[in-house]
Structure formats: C-alpha cells, structure tokens
Amino acid sequence: MVGEGSNRMVLDSFKLDGRLALVTGSSDGLGLAMARALAQAGATVVINGRGEAKLQAAVLLLQQEGLRAQARACDVTDAQAVQGMVNDIETTIGPLSILVNNAGIQRRGPLHDFKHDDWRELMQTNLDSVFFVGQAVAQKMIPRKTGKIINICSVQSELGRPGIS
C-alpha cells in the first residue's frame, strides 16, 4: 500500500512553480483544461486563441480559481503573428518553459466532396500552426538549453473514420 508520503513525493515531482507555459487553442475545451492543470501544478499559463472575449473569460475563470493566467490573442496559422506573440510573451511576461501545441479543428465531409478551402484551413490549423509556434518557441528555448514542447493530436491522426476526409 502506498502511503501519504509517497503520494506527496509523486505530486511534488509534478510541480511547475516558476515555469511559464503557453497553451494554444486554450480558450475552452481540452486546451483550457490543460492550461488549468498546468496552472494548478504551479505554472503561470498564457491562454491563446483567436477570440479576445473568450480568452478574457477563460483567464478570469482561472484567476477566480486563484491561478496565474494571462491571455494572448493570435492566429497561430500566421507565422509572423506567432513570432510577434512569442516575442511579446518573452519580453513582457518571461521566458517560456512549456509549449502545448493544442490548437486544432475538424471539418467533416466525404473525400470526393471536400472543399479545397476547407482542406487548406485544416492543414494550416492542424499542421502549419504546430510548426510555426514550435519553431518560434524552440528558437527561444534552445539557447537556454531548457524547455518542453508538447504536441497534441486527435485520435483521427491514427484512425480513419467514414465522413472525415
């Protein structure tokens, strides 16, 4: 039987005190849940998404829970905007220790009817953004020789389903 002392040691190993985490696509849903968990472990989190109102509501919610959170609106499919956001975070808040690339979308439709614009939007959001944000953050982390980049993907990246091109 594991004692309370062992549980404390396990929980202590997950402490993120003093760390700064950026979570893309985190104004609601799983992204917000991941940001909350990082903040509960002691990190300051930067909530990211496109909608300023949703971002501010998410930050307020986390702050009401006693957690440290800030918001940065940015379209992560825009490489230049991403670079600006990362530079702003590093300048005004501090060095990023953790990146969670979580932004993603889904468009359903049969392959033979799928619109090219929908395909491009999927690829930009689900792939290009991971590269853009990952690259911008890695350029900061590598000289410091520290940091973690976590890329989230859907089960659909490994499992085909009817009606999902």
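Structure above, values below:
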| read-out | value |
| --- | --- |
| Max mean-square fluctuation residue, GNM over the chain, Cα-Cα springs under 10 Å, options Asp12, Asp128, Asp28 | Asp12 |
| Residue order for Phe14, Phe132 - accessible surface, 1.4 angstrom probe, largest first | Phe14, Phe132 |
| Spin-label model distance (nm) - Arg68 vs Ala37, 7 Å beyond Cα toward Cβ | 2.1 nm |
| Computed [θ] at 222 nm, deg cm²/dmol, the chain (DSSP H ≥ 4; -39,500 (n - 2.57); rounded to nearest 500) | -13500 deg cm²/dmol |
| Accessible-area composition of segment 38-165, carbon plus sulfur, in percent [1.4 Å probe] | 54 percent |
| Dimensionless Rg/Rh of the chain - Kirkwood Rh, Rg from C-alpha atoms | 1.03 |
| Amide hydrogen neighbours beyond the local backbone of Gly109, cut-off 5 Å, H modeled | Ile164, Ser165 |
| Ala138/Asp12 FRET efficiency (R0 41 Å; Cβ-Cβ; nearest 0.05) | 0.90 |
| Residues of segment 1-115: accessible area per residue with a 1.4 Å probe, Å² | 55 Å² |
| Using θ = phi - 60° and Karplus 6.51 cos²θ - 1.76 cosθ + 1.60, couplings along segment 96-102 (whole Hz; Gly, Pro as x) | 6, 9, 9, 10, 10, 7, 10 |
| Estimated inter-spin distance, Leu60 and Asp78, nm [label 7 Å along Cα→Cβ] | 2.5 nm |
| Area accessible to solvent at Lys15, 1.4 Å probe radius, in Å² | 100 Å² |
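The values are calculated or read from the model by the stated rules, or taken from the named source; none is laboratory data. Computed from a predicted model, the values in this text were never measured in an experiment. Because the Cβ atoms are built from the backbone with ideal geometry, glycine has one as well, and the counts that use them run over all protein chains shown. The protein model used for the area step is the full one, side chains on, heavy atoms only, and it has no ligands, DNA or RNA in it. Shrake-Rupley method; radii C 1.70, N 1.55, O 1.52, S 1.80 Å.
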